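The structure appears right after this line, and notes come after that.
The values are calculated or read from the model by the stated rules, or taken from the named source; none is laboratory data. The model shown is predicted, which means the values in this text are computed figures rather than measured ones. FYI the Cβ positions are ideal-geometry reconstructions off the backbone, even for glycines, and counts take in every protein chain you see. SASA here: full protein model, heavy atoms, side chains in, ligands and nucleic acids out. Shrake-Rupley method; radii C 1.70, N 1.55, O 1.52, S 1.80 Å.
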Amino acid sequence: MLEALTGTGLAASAGMNAYIPLLTMGLLARYTDLVTLPSGWQWLSNGWVLAILLVLLVIEVVADKVPVVDHVNDVIQTVVRPTAGGLAFGAGAGAETVMVSDPGEFFGSHQWVPVAVGVVIALGVHGVKAAARPVINAGTAGFGAPVASTVEDATSVLGSLVALLLPALVLLFLLGFALFVTWVVRRRRRRRRERRATREKLAQASHS
């Protein structure tokens, strides 16, 4: 159960920022005893891999905070974030952490299962993030983009650490995400109603 929560938390974090959970795992595995990556995933703690992830993270952090550019970035990240989610779930669910000491047989011999699950989770979170950003940008004339992006990055960092060190708390993370999804859906419906009302008023004005 804890292995699944660890993988879920990491994949969800990757849906917000592709590189934070991978970088978090790699750094903790390389420089601490808190995380021991499974044999097939130890490349994540390689110095060159960490350096590349850090560069990509900087690019992502900057691009995601600029209105319009953030939308283009989300389109590109539609492939990147689910891929990172699959890697994060696969590595995290098989890692030894302070809370998980024997994760080896959780998914049996089906090594593709955690990767596939991670892809789906990260894609879902990415979809909500991408849908929420236009709502936030429109409601704040673009000024909300850097604030929203910073909150997402901080949530990704926190979610990654919680998933690895206190996986039971991932349930609270998922509850908060569910509430956020509800907010996004309601806001988008409200925007559609407002646009429809505006079009109807314009149509009535043109006929009068």
- Query: So, in nm, how far is label residue 171 from label residue 39 when the simple model puts each one 7 Å beyond its Cα toward the Cβ?
  - Reply: 3.5 nm
- Of 143, 177, ordered by accessible area with the largest first and a 1.4 Å probe, the sequence is 143, 177
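Keeping every protein chain present and rolling a 1.4 Å probe, give me the accessible area per residue for region 1-101 in Å².
Details: 4300 Å² over 101 residues.
Per-residue accessible area for region 1-101 comes out at 43 Å².
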- Item | Most to least accessible of 32, 150 (protein chains only, probe 1.4 Å) | 150, 32
